[in-house]
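The values are calculated or read from the model by the stated rules, or taken from the named source; none is laboratory data. A quick note: this is a predicted structure, and the numbers were derived from the prediction, not measured. All Cβ positions, glycine included, derive from the backbone under ideal geometry; neighbour counts span all protein chains shown. Heads up: the accessible areas ignore ligands, DNA and RNA and are worked out on the full protein's heavy atoms, side chains in. Shrake-Rupley method; radii C 1.70, N 1.55, O 1.52, S 1.80 Å.
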Amino acid sequence: MRRALRWLMAVCVVVATSAAAQAADLRPLVQALGSGGYSGTEKALAQLSEAGDPAAVPVIEALQAGDLYVRKADGTVVIARKAGDAFALTDPLTRAALGDAPAAAIEKIRINNSLRRAISASLGALTLMSPDASVRRSAADAVFKSRDASALETLSAAIAKEQDKGVRAAMEQARAAILLTGEAASKMTDADIQSATDTLTARGDRDALVLLNMVAGSGASDVTKKLAAAAVSTLEQKLAFWAALQNLWYGLSLGSVLLLAAIGLAVTFGVMGVINMAHGEMVMIGAYTTFLVQEFFRAHAPGLFDLSILVALPAAFLVSGGVGIVIERSVIRWLYGRPLETLLATWGLSLALQQAVRSIFGPTNREVGAPSWMSGAFELGGLTITYGRLWIVIFAFTVFAALLVALKRTWFGLSIRAVTQNRPMANAMGIRTARVDALTFGLGSGIAGLAGVALSQIDNVSPNLGQGYILDSFMVVVFGGVGNLWGTLVGALTLGTMNKFLEPYAGAVLGKILVLIFIILFIQRRPRGLFALKGRAVEA
């Protein structure tokens, strides 16, 4: 037992002595940070970084945070943090408490933009050996951006020890960046240059492209410039491929939003032949229902906020559907067979609903939060996919599939199809067509309410929310074929993708105008859209 204690004390003494010696080695360099102005601080910082001692990391972090001061009485560099009316002082290397001091007794070591960049590079180099993989990854990224040649030796040692494949790849990319842009480039063999350019090409992002372009246009050797130019060409093709896929994803995402907004319109337009200009307001009512549900959860069950969106879905369907049935029973039923009057009446209803919401909730945007499982994004190859958009795409296709099943497998769906194909015959067979009309209008409005729940996650919830989608919804329905759900699906995805592929070249507004011109030309050839449906509306 005594022997063990003696060994323990000996180890403690050795560790303490080692730490003290380490601090003693760094002490002059730390003291130099507080002398010589910006240039003197930068020079001392470079020497501190070259020492490669992890004990310097807290000192540099304090300098970066603005906590490093000089004590005026003896010129000692200390860490000072506000503690009441005074500052609590600690030793930057040993972290020993040095008592309190008034603000007048210390002077802050100031930094400028050049020093901030140097600090980031130094921290990157010194934290390459951190036991935390995420810290090492951040350090490698910092070295890649700074391309600080003084970090090359530390970086090589870190690569030799690194076990994590992702971190090791980031470190190798940082080393390739230093080798190609520093003085070492002139001493590299052709094989080394090829290896470095391949490493940067494998990184495959715009940072690597910018760096390779810089090397290709620099005063490097002809071999280096030639290999860098070849790598630029390869990387540009790779980035163009992923950019096309990213646009395709954006198009699919926009198409799913258009599908949600238009599918209810397709049902009412196809069955009843009613041009409902208030359809966008049904979307808006669904979004405001989501806002009210979330306000309830915030007030009474904040711990269950992630479930609020699931409660908002049926609530929005019922509220928007109920408003739709009231509109059909009170206004639209008296205007069947008079499309111009129906259009004007629903337009007037649209304005009335907007003003009513504006009077109740105010004209400003309302905050609708996203649950945690819809927040954030993930990388898939060169694609960046947000969880919110991904869930909306899944939700849109789920609603579409559920509506198909309802129309094909239920009595209500059979009645809707019968009324759509031949209203007098359906009436003669005992189907109460007036009731089917009301329920169909309610169904279309309810689906618009579901669209409002989805849109509340990606758009501003305001009285004008629905107006932004009503024109696109009509374009989708006309292009796909009035009353045809599959046509609506194809139309929404086609127009969404066209918009996203045109936007980079023509801009958002001109892109939408070009899509509109395309639809006008298209319906000259196919007046009934992509998938024509025989029914009362199109035969009238």
**OP:** Would you mind stating whether residue 119 is touching a residue at least 12 places away in the same chain (Cβ under 8 Å) and closer than 16 Å to residue 35 by Cα?
**Re:** no
Original post:
Which residue, of 384, 346, 364, is part of a loop (DSSP other than H, G, I, E, B) and hydroxyl-bearing (Ser, Thr, Tyr)?
Top reply: 364
**OP:** May I ask you to verify whether residue 73 is surrounded by fewer than 10 Cβ atoms within 10 Å (Cβ to Cβ), farther than 20 Å from residue 120 by Cβ and modelled with pLDDT of 85 or more?
**Re:** yes
Original post:
Would you say residue 212 is at pLDDT below 80 and surrounded by 16 or more Cβ atoms within 10 Å (Cβ to Cβ)?
Top reply: no
Subject >> Some residue of the stretch 264-277 being exposed (fewer than 15 other Cβ atoms within 10 Å of the Cβ) and within 22 Å of residue 394 (Cα to Cα) >> reply: no
Subject >> Segments classed as strands (runs of 3 or more DSSP E), wholly inside the stretch 77-166, with at least 1 members that are among the basic types (Lys, Arg) and surrounded by 13 or more Cβ atoms within 10 Å (Cβ to Cβ) >> reply: 106-108
Subject >> the stretch 322-371: number of residues that are surrounded by 15 or more Cβ atoms within 10 Å (Cβ to Cβ) and without any contact (Cβ under 8 Å) to a residue 12 or more places away in the chain >> reply: 1
Original post:
Which condition number in (1) more than 29 Å from residue 487 (Cβ to Cβ); (2) touching a helix residue (DSSP H, G or I) at 6+ places or on another chain (Cβ under 9 Å); (3) surrounded by fewer than 18 Cβ atoms within 10 Å (Cβ to Cβ) is the one that residue 310 fails?
Top reply: (2)
Original post:
In the stretch 50-60, how many are out of contact with any Leu (no Cβ under 7 Å at 6 or more places or on another chain) and open to solvent by 50 Å² or more (accessible area, probe 1.4 Å)?
Top reply: 1
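Conditions tested, residue by residue: (1) out of contact with any Gly (no Cβ under 8 Å at 6 or more places or on another chain); (2) open to solvent by 90 Å² or more (accessible area, probe 1.4 Å); (3) at pLDDT below 80.
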{"residue": "12", "(1), (2), (3)": "yes, no, yes"}
{"residue": "21", "(1), (2), (3)": "yes, no, yes"}
{"residue": "26", "(1), (2), (3)": "yes, no, yes"}
{"residue": "29", "(1), (2), (3)": "yes, no, no"}
{"residue": "34", "(1), (2), (3)": "no, no, no"}
{"residue": "45", "(1), (2), (3)": "yes, no, no"}
{"residue": "48", "(1), (2), (3)": "yes, no, yes"}
**OP:** May I ask you to list the residues in the stretch 400-416 that are assigned to a helix (DSSP H, G or I) and surrounded by fewer than 17 Cβ atoms within 10 Å (Cβ to Cβ)?
**Re:** 401, 402, 404, 405, 406, 408, 409, 411, 412, 413, 414
Original post:
If we only count helices (runs of 4 or more DSSP H) wholly inside the stretch 446-540, which ones have 2 or more residues that are open to solvent by 40 Å² or more (accessible area, probe 1.4 Å) and of a type in the set (Val, Ile, Thr)?
Top reply: 485-506, 508-525
Original post:
Just checking, how many residues over the stretch 372-399 are farther than 15 Å from residue 456 by Cα, surrounded by 14 or more Cβ atoms within 10 Å (Cβ to Cβ) and of a type in the set (Val, Ile, Thr)?
Top reply: 3
**OP:** Have a look at 481, 442, 452 and point out the one that is at positive phi and not β-branched (Val, Ile, Thr).
**Re:** 481
**OP:** Being among the small types (Gly, Ala, Ser) and open to solvent by less than 10 Å² (accessible area, probe 1.4 Å) is the filter here, so list the residues in the stretch 239-263 that pass it.
**Re:** 251, 253, 255, 256, 261, 262
